[in-house]
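**Student:** Got a structure here, written out as structure tokens. Questions coming.
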Amino acid sequence: MTYPNVYKKVIISLIVCLTLFLVLFHFTSTPKVWVDEGFYTEVAKNVALHSKMGIQLEPGHFYDTSTLTVGYPTIYPVAASLRFFGVGLWQARLPMIIYMFCLVLLFYLFTKKRYGFYFAILSVLLLLSFSPFYGNGRVVIEEIPGLVWFVLGILMLTYLEESNFQNRYYIILAGLALGICASSKPIYLALVSASLILVLSFWFKKIEKKNILIFGATGFLLPLIFWAFTQFPTIHSLLNIVPTYFHLASNHETKIPMIQTIFTNSKRLFTESTPTLFILLLGSSVAGLIMGFLKKERKVGLPEAFLLSFIILNIFAYLPGTGWYRYFFPASTLVYLLFPVSIFIIASVVKNETLKKFLLIIPILLIFFQFYHLTFLSDTSLISNPTRNKELSLALSEIKPSQKVFFYNSIEATVFLKSTNYSQYLSMGDYLEIGDKNGPLDPSFDYILAGGGFGAVNFPVSLYKKKTVDRYVLYKKI
């Protein structure tokens, strides 16, 4: 489809304004701070202030986090923001906001380059109306940073394929982007590596100059080498990483057998609304690409094959895990790159005009449905304004730097404290317990912010003034 340039400019301007509004709207209020974001923000803060990749257990004492799922593509930008702009929630989330803008831009650039302007706009609108984009995007976690580098990588693979696999510049950039993506999170490392091996085994014969792969491999390995040096300061920490990652990838919160977990999560894909919608979108995308390939209307190139491999492998990686939707969020986001053009291909095959018209408006109907869900029903609803972040900020802003604070299972709140005069205890499921659980019994603490599990501590309540702050209790020494 062709559009006059003036219409394209108007549409792009509206999309830019919509992106600015949706990404920035209440980004410090929604979503609420939670333990994973608090963990990563705490690590980034300690990198910024103390050059320590770890969790502060007490002033000057840190727990090394090298074996946990924290990568420099997330930590270093957040650390830089906290170093230059000061400690606070908006400072911590600022790099995530920039990553979100980058992902929208890369969605547009990839789909426009691959399929055209109309499909690029649809893909961007599908992304912008997808509520998990904000729930997982604004917070300090690794999902969006990894996706940004992944989509940049497949964009470079597109240019590489167009050069008939001759251009060293594009394969080095593709390798670098995918290497940084793999450094973001263990699941990206596993899925990107497996997808590359799988796809290149089919494309190897099409590459005339095989030595060009050396440049791609070099580009891919350099970020991973840097990741290894920043993530694993000792050989011991490097050796411990594999069992730790396997444990986190499993359903570690229960003792249910793996086969039963796989069955339960497989059932979710077809019985719960969010994964069922994803499966329908993926099925339509695969069907459309196959039809286009058979009719020779659209070729399935290296970018599509790599993209589909990553998405499908992400589903398989999701099955033995905890079943949280966040663990197939990368796949459910990336499918929007393929869905609009695939529906168009399916519609071109259909002979019935009524059905053809219905198929063509499905992406638009889905956009409207997702915007409705985003506005009224989601955790990041545009009409709600959660108070947790504001309440924590106000309560902790009253504390003087000279006063000692203990955070009990409330690591997500440390970003609101303007000093580093604090200690903490943290328990994360069955794989991490750090700090002194009985720390609140020390009478030298002026404040104690108590989160989950605090009832088990034999705490002298009579010595403190109690105040409820959202789901926490703040104790002030009398």
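**Student:** Tell me, in nm to one decimal, what length is gained between residue 354 and residue 263 on full extension, where the rule is 0.36 nm per residue of separation less the Cα-Cα distance?
**Tutor:** 28.9 nm
**Student:** Among 136-149, 418-431, 34-47, how do they line up from the highest to the lowest mean number of other beta-carbon atoms within 10 Å?
**Tutor:** In descending order of packing, they fall as 136-149, 34-47, 418-431.
**Student:** Considering only the other residues whose Cβ falls under 14 Å of the Cβ of residue 166, what net charge follows from Lys and Arg at +1 and Asp and Glu at -1?
**Tutor:** Here the count lands on +1.
**Student:** Shifting gears a bit: Straight distance only, please: which aspartates and glutamates reach the Cα of residue 205 with their own Cα at less than 17 Å, same-chain residues fewer than 8 apart left out?
**Tutor:** List returned: 161, 162.
**Student:** Let me ask something additional. Pairs 299/351; 112/299; 185/267; 32/390; 185/418: which exceed 19 Å Cα-Cα?
**Tutor:** Listed pairs above 19 Å: 299/351; 185/267; 185/418.
**Student:** Continuing with the same structure: Averaging over all projection directions, find the projected area of the Cα convex hull of the range 43-183 and quote it in nm² with one decimal place.
**Tutor:** Convex hull of Cα atoms, orientation-averaged projection: 9.8 nm².
**Student:** Which cross-chain or sequence-distant (5 or more) residues have an amide H under 5 Å from the amide H of residue 469, H modelled 1.01 Å from N in plane?
**Tutor:** Those qualifying (amide H under 5 Å, at least 5 residues apart or on another chain) are 474.
**Student:** Please compute the modelled spin-label separation between residue 326 and residue 61, points set 7 Å along Cα→Cβ, answer in nm with one decimal.
**Tutor:** Each label point is offset 7 Å from its Cα along the Cβ direction, giving 2.8 nm.
**Student:** Under a Cβ-Cβ cut-off of 13 Å, what is the net charge of the residues other than residue 79 that fall near it, where Lys and Arg count +1 and Asp and Glu count -1?
**Tutor:** Around residue 79, the charge tally is +2.
**Student:** Could you work out how far apart the two model spin labels at residue 433 and residue 377 are, taking each label as a point 7 Å from the Cα in the direction of the beta carbon, and quote it in nm?
**Tutor:** 4.0
**Student:** Hey, another quick one. Among DSSP bridges having both ends in the range 388-477, what percentage is antiparallel? Round to the nearest 5.
**Tutor:** Bridges in the range 388-477 that DSSP calls antiparallel: roughly 60 percent.
**Student:** Quick one: order 110, 328 by neighbouring beta-carbon count within 10 Å, fewest to most.
**Tutor:** In order of increasing Cβ crowding within 10 Å: 110, 328.
**Student:** Note down the relative contact order for the range 388-477 as a percent, whole number, built from C-alpha pairs under 8 angstrom at least six residues apart.
**Tutor:** Relative contact order here is 29 percent.
**Student:** Need the full-extension length gain, residue 76 to residue 168, defined as separation in residues times 0.36 nm minus the C-alpha distance. One decimal, nm.
**Tutor:** Here the answer is 30.3 nm.
**Student:** Starting from the amide H of residue 436, placed 1.01 Å from N in the peptide plane, find each other amide H under 5 Å away whose residue is 5 or more places distant or on another chain.
**Tutor:** For residue 436, whose amide H was placed from the backbone, the distant partners under 5 Å are 424.
**Student:** Between residue 25 and residue 272, what length in nm is gained on full extension when 0.36 nm per residue of separation is reduced by their alpha carbon distance?
**Tutor:** Stretched out fully, the residue 25 to residue 272 stretch lengthens by 86.0 nm.
**Student:** Find the relative contact order for the chain and round it to a whole percent, using C-alpha pairs within less than 8 Å whose residues are 6+ positions apart.
**Tutor:** 18
**Student:** Compute the FRET efficiency between residue 197 and residue 229 as 1/(1 + (r/R0)^6), taking r as their Cβ-Cβ distance and R0 = 22 Å, and round to the nearest 0.05.
**Tutor:** Working from the Cβ atoms, E equals 0.35.
**Student:** Next question, about the same structure. Which percent, nearest 5, of DSSP beta bridges in the chain are antiparallel?
**Tutor:** Antiparallel bridges make up about 70 percent of those DSSP assigns within the chain.
**Student:** Another question about this same structure. Calculate the FRET efficiency for residue 159 and residue 208 from the Cβ-Cβ distance with a Förster distance of 25 Å, rounded to the nearest 0.05.
**Tutor:** 0.90
**Student:** If R₀ is 35 angstrom, what is the calculated FRET efficiency for the pair residue 418 and residue 456, using the beta carbon separation as r and rounding to 0.05?
**Tutor:** The formula returns an efficiency of 0.75 here.
**Student:** Compute the label zone of residue 113 within the range 275-307: residues whose backbone N is under 16 Å from the point 7 Å along Cα-to-Cβ.
**Tutor:** Counting backbone N atoms under 16 Å from the label point, the list is 301-307.
Here, each number is a calculation from the coordinates, and none is a lab measurement. These numbers were taken from a predicted model, which means no experiment stands behind them. Note: ideal-geometry Cβ built from the backbone for every residue, glycine included; neighbour counts use all protein chains shown.
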